[in-house]
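Undergrad: This is the structure, below, for whatever I ask next.
The values are calculated or read from the model by the stated rules, or taken from the named source; none is laboratory data. Everything quoted here is computed from the prediction, not taken from an experiment. No Cβ is skipped: glycine too gets one built from the backbone with ideal geometry, and neighbour counts run over all protein chains shown.
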């Protein structure tokens, strides 16, 4: 897995981008970025600076150009389902849909009046929603900061993420 990540990360930017593979690499980078944020409190100032500097350099010299290239591939007709994460209008609709779905899930996961089959289906829906949110989080939002409604869409994603995380925790607690 890490070998694929490295290979996709260091492939020349001029090469044609496989949007699905690039998005997978982007998701893995997002995991590394999150891990780096979580360990920050345990690091001294030099270690923090080093990690943040490396992440910043990768974002600037690798991630941004590849995101732009992936978006360009999608605009030129790439039919990958992952192009949904490289077009703001589709991305924002996906965020709005998952936000609505997350709100609906909260009505169900908290209830204790469901049989085992319904609880299992809700658990699967919560896990599926978490996976969709992870894919949305890896989208190149830096490209869209000037889009109308950008802040509202990002806030919606954060709220949906919190609801799904709470639903996942509640679902797991019910199975203990």
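Undergrad: Can you say whether residue 158 is outside the structural domain of residue 23 (by TED's automatic domain parsing), at pLDDT 90 or above, under 19 Å from residue 24 (Cβ atoms) and under 14 Å from the mean Cα position of the chain (by Cα), as far as the supplied structure shows?
TA: Numbers: outside the structural domain of residue 23 (by TED's automatic domain parsing): yes; at pLDDT 90 or above: yes; under 19 Å from residue 24 (Cβ atoms): no; under 14 Å from the mean Cα position of the chain (by Cα): yes.
So residue 158 does not fit the description; no.
Undergrad: Applying the selection to region 63-100, what residues are within 27 Å of residue 171 (Cα to Cα) and surrounded by fewer than 18 Cβ atoms within 10 Å (Cβ to Cβ)?
TA: Taking region 63-100 first, the residues within 27 Å of residue 171 (Cα to Cα) are 93-100.
Correct list: 93, 96, 97, 100.
Undergrad: Consider only pairs whose beta carbons are under 6 Å apart and that are at least six residues apart or on different chains; among these, list those whose first residue lies in region 66-86 and is more than 12 Å from residue 140 (Cβ to Cβ) and whose second residue is modelled with pLDDT under 90 and surrounded by 18 or more Cβ atoms within 10 Å (Cβ to Cβ).
TA: Pairs found: 73/17.
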